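These notes are about the structure you will find just below.
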Amino acid sequence: MQGLMLSATYAFGSDWMHLAGLRPWSGTERRLGRKETSMPSSQDLDATVPETQEWISDVTQRLGWHDREKAYLALIAALHALRDVVPLEEVVYLGACFPSLLRGLYYEGWHPTRRSGPLKSRTAFLDRIHEAVHRDPAIDAEQVAHAVFALLAARLPAAEIEDAKAATPKALRSLWPS
């Protein structure tokens, strides 16, 4: 989490946590069951590419697709849509669970103090995903949401998934696996 906090500070300025209403490392160690005390090493960076490729392969398989590029776009689209509907604190907790490369992609374009309009309706949420995959008629945004949420449920700590589900607007909770 410390690395995430430092990275976010570089990306968004030193006041980003205060503006987002967060305290540094508040409860993160307890929720994630670990405490990071140093910046990632070059070995960590070497490992993040294959880890991220595993996530892309996983979502490709869950969607039953063969096109990894399309699956990559779908994964990022769904993660960005989720990022934009959960509270700021949950955005950070979720991001802390991702491989470093995927974490950077997750935060790309995110401005904690300039949140876009709410995507609290199911239609708006799915439209956000569909728009991010270039409105490809071959992509079912609801199928993408189900696949990505199932991927998260399989790869993240159970406690984090329960918190993410609870933080997700009610209209979208059925997209999570039961």
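Readers should treat all values here as calculations from the given coordinates under stated rules, not as data from a laboratory. All values derive from a computational prediction rather than experimental measurement. Backbone-built Cβ (ideal geometry, glycine too); neighbour counts: all protein chains shown.
Tabulated results
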| read-out | value |
| --- | --- |
| Point-to-point label distance, E69-R135, nm (Cα→Cβ direction, 7 Å offset) | 2.1 nm |
| Candidates per GluC sites (Glu not before Pro) in region 63-160, loop by DSSP, up to 14 other Cβ within 10 Å | E108 |
| Filtered trypsin sites (Lys or Arg not before Pro), region 60-162: DSSP coil and at most 12 other beta carbons within 10 Å | R114, R135 |
| Contour excess over end-to-end distance, with Cα ends at E108 and S42 and 0.36 nm allotted per residue | 21.6 nm |
| Translational D in µm²/s for region 41-175 (Stokes-Einstein at 10 °C, 1.306 mPa s, Kirkwood Rh from C-alpha pairs) | 106 µm²/s |
| From phi via Karplus (6.51, -1.76, 1.60), per-residue ³J(HN,Hα) for region 78-95 in Hz, x at Gly/Pro | 5, 5, 5, 5, 5, 3, 7, 10, 8, x, 3, 4, 5, 4, 5, 4, 4, x |
| Q53 paired with R173, simple spin-label distance in nm, labels 7 Å along Cα-to-beta-carbon | 4.0 nm |
| Estimated dipole of region 41-175 in Debye, rounded to 20 [Cβ of Lys and Arg +1, of Asp and Glu -1, Cα centre] | 520 debye |
